[in-house]
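**Q** Could you have a look at this structure, given as structure tokens, before my questions?
The values are calculated or read from the model by the stated rules, or taken from the named source; none is laboratory data. What you see is a predicted model, and the numbers here were worked out from it, not measured in a lab. Methodologically, a virtual Cβ is constructed for each residue, glycine included, from the backbone with ideal geometry; neighbour enumeration extends over all protein chains shown. Protein only, heavy atoms only, side chains kept; ligands, DNA and RNA dropped before computing areas. Shrake-Rupley method; radii C 1.70, N 1.55, O 1.52, S 1.80 Å.
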Amino acid sequence: MLQHNLKLFFRNIKRNKSTFFINITGLSTGIACVMLIALWVFDELSVDKFHENESRLYQVIETPEIDGRMVQNPNTAGLMAETMKDEFPEIEHSTSVRESGEILLSCEENNIKTRGLYTSPEFFDVFSFQIVQGDKRYILADKNSVVISEDLAARLLGSMENAIGKTVKLNGETPFTISGILENVPNNSSLRFDFVLPFEYFREINPNILNWDFNTTQVYLVLNEGTNVAEFNSKIKGFIGTKTKSNGRLLTTRLFSDNYLYDKFRDRVEKSGRITYVRLFSLIAFLILIIACINFINLSTANASKRLKEIGIKKAMGSKRKELVTQYLVESLLMTSISAILALLIVALLLPQFNELAAKKMTLGFEPVHLLIFAVIFLITGFLAGSYPAFYLSGLKTISTLHGKLNTSFGEIFARRGLVIFQFALSTVLIFSVLIVYKQMEYTQNKNLGYNKDNLVYFEINGKIRQNPDAFISALEQLDGVKSASSISTNIVGGQNTTTRLTWPGKTPDEQEVFQIRPVNFNMIEIFDIGILKGRSFSRDYGAEESKIIFNQTAIKAMGLQNPIGTKVSWENTDFEIVGVTEDFHFASLHEEIKPLFFILRPEWTHTVMVKIQAGREKIALANLQNFYEKY
């Protein structure tokens with residue numbers, strides 16, 4: 001019987017080539033789209049799930065309430081991890097983590113810029129990052145030791161052989177001894193790094209982390225089995241208040257593996273988290289599959305008139321409806337099989353471009369999750385697309401089919417037309433969604449952000465540049481094609497350092513306004529073309545400017561200052577004089593309101609060089625910058 005059904009299937013293909021081609025094209029394209037989205041969804045759902053202690057791994061966060069709004073800060077005091085472990089028996093392991101930013105590592109003639117972490121010795125007990133060389137109990141015991149990844153070892157040393165004990169230099173100056181080799185960090189890890197340095201070294205170069213009033217570090221805990229997390233959170237809530245005079249800084253914990261998908265307070269602003277995108281794209285994949293299946297159903301039922309006599313003869317010869325249903329389901333599954341194979345080829349061809357678009361490193365292999373995705377899509381598509389034609393064709397009356405007449409009831413016509421209308425409705429929704437996304441992208445690209453981002457190049461201060469950054473910046477400005485240069489703490493945009501410890505005339509004790517901090521060098525505000533509403537910018541013409549401060553317009557409104565220029569404010573036991581007020585500019589997502597911000601002149605706190613290139617001379621300027629940077 002199976003051989004007979006296969007013979008009929010291939011005969012029908014030969015007889016109806018155009019219908020077969022349209023069906024195969026629609027199904028394979030739809031399945032390919034669904035598979036790409038499914039790979040992305042499963043990759044998103046797998047982030048940070050590989051840690052051995054995943055169900056007991058928590059991050060400590062601060063949750064103060066400011067102006068009636070709950071604010072979540074992932075950074076907290078540098079002494080938090082070790083102090084909490086000493087005082088709370090519920091904690092099995094704890095570790096402090098601080099991202100290093102981009103750092104230059106050197107070994108002999110090789111120089112590599114990459115990113116790493118400063119962390120305490122229990123880091124490898126908290127997280128399941130694998131050590132391939134070295135003993136994880138001791139590799140961070142010495143403050144001048146460093147653990148590097150397999151990939152970094154290959155790039156820096158040529159190979160991992162005899163890497164233990166070799167010396168690498170940090171920013172061309174501080175020597176560190178390689179104490180361990182780390183297996184490359186998995187692609188589905190939200191923590192990305194190529195090396196690990198001892199937190200003890202970070203303390204040495206940043207003594208302010210010993211101050212409980214400075215939030216500089218991320219803290220992660222592994223709680224003991226059976227710990228009641230709600231009770232533990234209640235217990236640690238006022239912990240900071242026992243170490244400092246600040247009673248408004250409250251603590252809680254959240255599951256580390258939830259941070260990536262369910263973080264509703266990313267960058268301290270309430271958001272829905274990435275799980276929203278996972279659900280949205282899962283729905284889109286389902287709709288695409290429905291459209292492809294409806295297309296198959298409509299073509300199959302439309303083609304039914306060509307198979308009426310075949311159905312009639314089979315029924316007259318005694319074929320049961322169950323046998324006919326089986327035949328058409330087998331045909332549907334065969335059609336789906338061919339489409340699925342073509343879809344796999346499409347996915348294999350498009351996956352590199354899709355990875356680039358999605359910023360992923362997904363692969364298509366024979367992993368259990370990939371086989372599961374393929375099997376589920378194949379079975380759903382086969383039965384969904386073939387069920388209606390199978391039951392419809394097998395239910396036709398014998399006499400009518402032998403006469404070649406298709407007596408279609410009102411219900412059948414309504415169902416088929418309903419499917420067509422539903423298919424076009426879904427297609428229209430998806431097309432309009434694409435147009436809306438395109439318009440949104442166009443809006444973000446053309447929106448006036450309040451500063452000029454054109455012809456700007458930036459890079460971090462590393463290596464010998466740190467010895468005399470001002471001399472480096474002055475030399476940059478002499479290069480052909482460079483208009484001006486300066487430096488800033490990290491960047492003008494993004495959630496960075498904040499403070500609530502600013503005081504001003506008229507501030508009441510219960511006011512807790514959050515200010516963004518931007519330490520800058522001379523000429524930085526001018527490079528970004530940020531407008532000055534009142535007063536002036538920082539200038540060497542006025543001598544010492546370290547005691548001057550510049551606010552944005554929103555900050556002045558928040559403080560309620562009518563005549564801000566010349567007003568004295570205080571921050572971290574230092575008095576500042578307001579010399580300027582800038583126009584508001586967007587330094588965060590366009591979904592967010594512009595928040596209070598101030599600039600202070602602190603060249604020694606800056607870590608990023610900003611270079612303004614002359615319009616029309618980009619190639620010359622970039623080539624000169626590249627050559628000069630490498631020589632320096």
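**Q** Leaving out ligands and nucleic acids, note down the accessible area per residue over the stretch 55-145 with a 1.4 angstrom probe, in whole Å².
**A** Computed with neighbouring chains in place, this is 44 Å² per residue.
**Q** Go through the stretch 97-112 residue by residue and turn each phi into a ³J(HN,Hα) via Karplus (6.51, -1.76, 1.60, θ = phi - 60°); whole Hz please, and just put x for glycine and proline.
**A** Using θ = phi - 60°, the values come out as 9, 9, 6, 7, x, 7, 10, 8, 10, 10, 9, 6, 9, 8, 10, 10 Hz.
**Q** While we're here: Quick one: which residues, 5 or more positions from Gly172 or on another chain, have an amide H under 5 Å from its amide H? H modelled 1.01 Å from N in the peptide plane, none for Pro or chain starts.
**A** Sorted by chain and number, the residues that satisfy this are Ser106.
**Q** State the percentage of accessible surface on the stretch 71-173 attributable to carbon and sulfur atoms; use a 1.4 Å probe and exclude ligands, DNA and RNA.
**A** Its accessible area is 41 percent carbon and sulfur atoms.
**Q** For Asp43, what is the net charge nearby, where nearby means another residue's Cβ is under 10 Å from its Cβ and Lys, Arg count +1, Asp, Glu -1?
**A** +1
**Q** For Gln512, enumerate residues with amide H under 5 Å from its amide H, sequence gap 5+ or separate chain, H modeled in the peptide plane.
**A** HN-HN under 5 Å from Gln512: Asp67.
**Q** Quick one: 3J(HN,Hα) in Hz for the stretch 572-582, Karplus 6.51/-1.76/1.60 with θ = phi - 60°, rounded, Gly and Pro as x.
**A** Calculated HN-Hα couplings, in order: 6, 6, 10, 8, 10, 10, 6, 10, x, 10, 8 Hz.
**Q** Using only Cα atoms, figure out Rg for the stretch 139-182 and give it as a multiple of 2.2 N^0.38 Å.
**A** Normalised Rg, Cα atoms only: 1.05.
**Q** About the Cα centre of the stretch 441-540, how large is the charge dipole given +1 on each Lys and Arg Cβ and -1 on each Asp and Glu Cβ? Please answer in debye to the nearest 20.
**A** 240
**Q** Just need log10 I(q)/I(0) for the chain at q = 0.05, 0.08, 0.09 Å⁻¹, Debye formula, equal scatterers on the alpha-carbon atoms, no solvent, rounded to two decimals.
**A** Debye curve over Cα of the chain, log10 I(q)/I(0) at q = 0.05, 0.08, 0.09 Å⁻¹: -0.35, -0.78, -0.92.
**Q** Here is a further query. Apply the Karplus curve 6.51 cos²θ - 1.76 cosθ + 1.60, θ = phi - 60°, to the phi angles in the stretch 618-623 and return the couplings in whole Hz, x for Gly and Pro.
**A** 5, 4, 5, 4, 5, 5
**Q** Also, quick follow-up: If you keep only loop residues by DSSP, which chymotrypsin sites (Phe, Trp or Tyr not before Pro) in the stretch 124-217 have at most 15 other Cβ atoms within 10 Å of their Cβ?
**A** Loop-located and lightly packed - Tyr138.
**Q** Can you find, among Leu156, Met80, Ser94, the residue sitting farthest towards the positive end of the charge dipole of the stretch 48-169, where Lys and Arg contribute +1 and Asp and Glu -1 at Cβ?
**A** Projecting each Cα onto the dipole axis, the largest value belongs to Leu156.
**Q** So in the chain, what percent of DSSP beta bridges are antiparallel if you round to the nearest 5?
**A** Taking every DSSP beta bridge with both residues in the chain, the antiparallel ones total about 75 percent.
**Q** If you don't mind, another one. Mind checking the stretch 30-123 for chymotrypsin sites (Phe, Trp or Tyr not before Pro) that DSSP puts in a loop (not H, G, I, E or B) and that have at most 16 other Cβ atoms within 10 Å?
**A** Phe50
**Q** Hey, another quick one. Check which residues have an amide H placed less than 5 Å from Arg536's amide H, if you skip close sequence neighbours.
**A** When sequence neighbours closer than 5 places are left aside, the close amide H contacts are Gly580, Val581.
**Q** So which trypsin sites (Lys or Arg not before Pro) in the stretch 10-49 pass both tests, a DSSP loop state and at most 13 other Cβ atoms within 10 Å of the Cβ?
**A** Counting only loop positions with at most 13 other Cβ atoms within 10 Å, the trypsin sites (Lys or Arg not before Pro) in the stretch 10-49 are Lys49.
**Q** Suppose only helical runs count, i.e. DSSP H with n ≥ 4. What mean residue ellipticity at 222 nm does that imply for the chain under -39500 (n - 2.57) per run, divided by all residues and rounded to the nearest 500 deg cm²/dmol?
**A** Roughly -13500 deg cm²/dmol at 222 nm, from the helical runs in the chain.
**Q** So how strong a dipole does the chain carry about its Cα centre when Lys and Arg Cβ are +1 and Asp and Glu Cβ are -1, to the nearest 20 debye?
**A** Approximately 4120 debye in magnitude.
**Q** Find which of Ser179, Gln133, Ser145 sits farthest along the positive direction of the dipole of the stretch 106-182, computed with +1 on the beta-carbon of Lys and Arg, -1 on that of Asp and Glu, about the Cα centre.
**A** Comparing the listed Cα positions along the dipole, Ser145 ranks first.
**Q** To continue, here is another question. Can you pull the percent of the stretch 549-632's accessible area that's carbon plus sulfur, 1.4 Å probe, other chains left in place?
**A** Percent of accessible area from carbon and sulfur atoms in the stretch 549-632: 48.
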